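Structure first, then comments.
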Amino acid sequence: MRNTVVFKINPEKPDLRKIKIAAKAIKQGKIVAFPTETVYGLGANIFNFQAVLKIFEVKKRPLKDPLIVHIGDKKDVFNLAKKIPEEAMMLINKFWPGPLTVVLEKSDIVLNIITAGLDTVAIRMPKNLIALNLIKFAKTPICAPSANIFGRPSPTCAKHVLDDLGKKVDIVIDGGRTNIGLESTVIDMTRKPFRILRPGGITTEEISKLLGKVKLHTNKSKIIRSPGMLRHHYSPEANLILVEKKNGQISKIKRLALNFKKQGKHVGIMVTSENQNKFEGFKTKTIGSINDLRTCAFNLFSILRSFDKEKVDVIIAEGIKPQGFGLTIMDRLRKAANLIL
Ligand code: TXA
Ligand code: MG
């Protein structure tokens with residue numbers, strides 16, 4: 001048990017004194033949860049083996065799942081990676097700081113524990129002043145997975161971090177709700193065709209505009225390139241049933257909800273605002289309008305967690321069209337679901 005310190009910091013106008021204290025803790029090998037523009041991360045000094053190991057322990061994350069290295073200056077990529085293809089530099093120049101993680105061949109300074117023994121390293125520069133100043137003052141890149149217990153929905157506010165990791169973290173920086181609410185896009189740039197390993201805050205379409213067509217790595221692909229791509233991630237405690245966008249979707253959701261209710265189960269339905277009034281008599285939560293997928297993304301993890309707080313047994317989620325930001329949302333829902341219909 002530790003004595004977790006919570007620092008409340010405004011991400012628009014961060015109090016640098018508090019960030020300096022957190023940076024000092026990172027330097028000393030402590031672990032600090034901090035906001036990024038995507039979700040909260042649990043950070044450690046990349047050169048401190050014990051601190052990195054602590055992250056895996058606290059999250060209950062298997063050591064075979066590598067971590068993203070967060071940098072505060074684009075130039076740091078040259079210390080951490082080698083053989084950086086021109087296309088990777090194009091992405092970096094366009095999207096950093098921002099929700100894009102590039103996987104590159106690693107340099108020798110990156111500890112094997114961070115990359116789970118792979119010869120590649122995932123790097124990103126977050127777009128959040130708290131995160132950027134933390135890295136700057138710590139004078140080291142910071143490796144950070146999402147600050148949740150492994151397998152649970154990622155935290156989009158400090159409360160989620162405290163709920164999952166409680167007293168196990170030295171410092172939690174509370175910078176309010178994260179802007180995007182879903183994780184960064186991960187793209188493997190180490191071999192052609194370049195592949196998106198995880199859709200995220202930068203859409204596949206935005207990347208294609210710059211690089212031409214890129215491949216989307218799916219679970220059906222034979223090789224697992226990214227252990228975090230495995231199913232059963234982002235899951236709430238309740239059973240999650242995802243009903244994909246097809247004919248009869250609404251009546252299917254209703255039938256399921258009614259059946260579970262008859263069995264005495266506590267059912268929650270997650271719907272777009274356009275369909276909210278179609279489930280009278282049921283507990284519903286609105287993710288946002290189908291015409292505003294950024295808001296849907298922003299709300300997703302937080303709604304899954306709030307159903308858990310209300311001790312729902314079954315969550316039935318309305319699937320949306322997997323396009324643009326909808327693809328990121330559906331990726332998370334499909335991985336979280338116990339059943340997809
Ligand atoms: O938005 C984000 O990316 C957040 C914030 C905190 O930056 N971080 C995050 O980290 O989502 P995490 O650890 O929850 O997810 C990182 C993903 C995992 O799926 C992991 O397997 C993959 O990136 N990854 C890390 N290093 C990799 C590598 N060398 N090759 C392939 N995949 C890698
Ligand atoms: Mg994660």
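No value in this document is a laboratory result; all are computed from the given coordinates. Just so we're clear, the structure is a prediction, and the values are computed from it rather than from any experiment. Positions of Cβ are generated from backbone atoms using ideal geometry, with glycine treated the same way; all protein chains shown enter the neighbour counts.
Percent of Cα pairs in the chain per distance bin of 10 Å, from zero to the largest separation: 6, 26, 33, 23, 10, 2.
When the pairs K254/K283; K54/K167; K18/K309; K265/K311; K262/K283 are compared against a 21 Å limit on Cα-Cα distance, K18/K309 fall above it.
Pairs of Cα atoms nearer than 8 Å and 6+ residues apart set the relative contact order; for the chain it is 20 percent.
For the stretch 9-55 and the stretch 87-143, compute the distance between their C-alpha centroids and round to whole Å. Result: 14 Å between the Cα centres. Residues of the stretch 110-147 with backbone nitrogen within less than 12 Å of a virtual label 7 Å along the Cα-to-Cβ line of K74, please, listed as ranges. In the stretch 110-147, the label zone of K74 (backbone N under 12 Å from the point 7 Å along Cα→Cβ) covers 125. The packing ranking, built from the mean of other Cβ atoms within 10 Å per residue, places the peptides 81-87, 275-281, 126-132 in the order 126-132, 81-87, 275-281, highest first. Compared with the direct C-alpha span, the chain from F150 to V5 gains 50.0 nm at full extension, assuming 0.36 nm per residue.
Near I316, the amide H atoms lying under 5 Å from its own belong to I241, G268, I269, M270; only residues 5 or more places off or on other chains count, and H is placed 1.01 Å from N. Under a model in which nothing but the beta-carbon of Lys, Arg (+1) and Asp, Glu (-1) is charged, the chain shows a dipole of about 420 debye around its Cα centre. Distance between the 7 Å Cα→Cβ label points at E206 and S251: 4.0 nm.
For the stretch 286-341 and the stretch 156-194, what is the separation of their Cα centres, given in Å? Centre-to-centre distance over Cα atoms comes out at 17 Å.
The mean sequence separation of alpha-carbon pairs under 8 Å and at least six residues apart, normalised by the residue count of the stretch 231-341, gives a relative contact order of 45 percent.
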